[in-house]
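The values are calculated or read from the model by the stated rules, or taken from the named source; none is laboratory data. Values in this document were obtained by computation on a predicted structure and should not be read as measured data. Note: ideal-geometry Cβ built from the backbone for every residue, glycine included; neighbour counts use all protein chains shown. When the accessible area is computed, the model is the full protein with side chains, heavy atoms only, and any ligands, DNA or RNA have been set aside. Shrake-Rupley method; radii C 1.70, N 1.55, O 1.52, S 1.80 Å.
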Amino acid sequence: MRLGALEAGGTKMVCAIGDETGKILEQVSIPTKTPEETIPEMIEYFRKAQIEALGIGCFGPIDPNPNSPTYGYITSTPKLAWADCNIVGAFEKALGCPVGFDTDVNGSVLGEVTFGQAKGKSCVIYITIGTGVGAGIYIEGKLLHGMLHPEAGHVMVSRRQGDTYPGKCPYHKNCLEGMAAGPALEERWGRKAVELKDRKEVWDLEAYYIAQALSGYILTLSPEMIILGGGVMHQEQLFPMIRDYVEEMLNGYIKTRQLSDMEHYIVPASLNDDQGIMGALELGRRALREG
């Protein structure tokens, strides 16, 4: 199969050509401007490649419900130029091929369960912590949608005693994104995350808030693996700190084989930051199979 993959982000659109094995044959990055500027450039790229199907993992919120009149739309996004954009319809009309569609983080978890370290597991959470915080959830062999799709980056966290930072999220303040995403780190400490690597207190507080959210996900969804990606998680010193805090917060309430081996339970992404593109290839393959 010759498949197209699009990982649609707020600052760049990563377009790739690959196949059903997850092999990426070529890849380009196109700056995210307005739909009127960006979509035609992407259409031309995929048209020249003569793809059989396209998979799109997209920033959100989106409408992933095929039975909805706004299926395939980017909906109430803070990226205002893209609000109410029928991105799937534009590609279907121009390319005349099946288009698979989901959130970017659902695409990432799909990449990991199809081609990566989570293969064979029935319940996996992929969380990206970067400019924002998003979560993709694969459960009982399917990507979770429900009413819309998971927005687990906005679960509430309790401020650590003595922490007076109000939170960066304009909607919730002290949600995980508001307290732990890259912009919150920069605002709180006055420097970008990459410049704070040797400040243990920075990462101890970051780990504390991430672990709170993970503990809630564990108790609610019972995942077999939690994968943490995104720019903030390139600070690898976070992983042992997060694992320790999760163990402390669960306080022995749940005893499983996975929780007794935290090093292989809460893990970094395994596909060299290509999990989103590889997941989009799988979305395209599934759209071709179902179409």
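Structural remarks
- Residues within the stretch 158-190 that are assigned to a loop (DSSP other than H, G, I, E, B) and surrounded by 13 or more Cβ atoms within 10 Å (Cβ to Cβ), tallied: 10
- Checked across the stretch 130-151, the condition of being of a type outside the set (Gly, Ala, Ser) and assigned to a helix (DSSP H, G or I) holds for no residue.
- Residue list for the stretch 242-288, restricted to those being more than 24 Å from the chain's Cα centre (by Cα) and either at pLDDT below 95 or open to solvent by less than 50 Å² (accessible area, probe 1.4 Å) (or both): LEU250, GLY252
- Per-region count, the stretch 109-136, residues among the β-branched types (Val, Ile, Thr), under 21 Å from GLY22 (Cβ atoms) and open to solvent by 10 Å² or more (accessible area, probe 1.4 Å): 3
- Filter result for ILE226 (touching a residue at least 60 places away in the same chain (Cβ under 8 Å) and either open to solvent by 10 Å² or more (accessible area, probe 1.4 Å) or outside any helix (DSSP H, G or I) (or both)): yes
- Among the residues of the stretch 20-37, those identified as in contact with a strand residue (DSSP E or B) (Cβ under 6 Å, 6 or more places away or on another chain) and surrounded by 14 or more Cβ atoms within 10 Å (Cβ to Cβ) are ILE24, GLN27, ILE30, THR32, PRO35.
- Selection of first residues in the stretch 94-123 that are within 10 Å of GLU282 (Cβ to Cβ) and of second residues that are among the β-branched types (Val, Ile, Thr) and crowded, with 22+ Cβ neighbours inside 10 Å, restricted to Cβ pairs under 6 Å at least 6 apart or on distinct chains, gives the following pairs, ordered by first then second residue: VAL113/VAL124.
- Evaluating PRO66 against the criteria (1) assigned to a strand (DSSP E or B); (2) without any contact (Cβ under 8 Å) to a residue 40 or more places away in the chain leaves one unmet condition, (1).
- Residues of the stretch 70-114 that are in a loop (DSSP other than H, G, I, E, B) and of a type in the set (S, T, N, Q): THR70, THR75, SER76, THR77.
- Boolean, LYS48 is exposed (fewer than 14 other Cβ atoms within 10 Å of the Cβ) and part of a loop (DSSP other than H, G, I, E, B): no
- Breaking point among (1) without any contact (Cβ under 8 Å) to a residue 24 or more places away in the chain; (2) open to solvent by less than 30 Å² (accessible area, probe 1.4 Å), for ILE56: (1)
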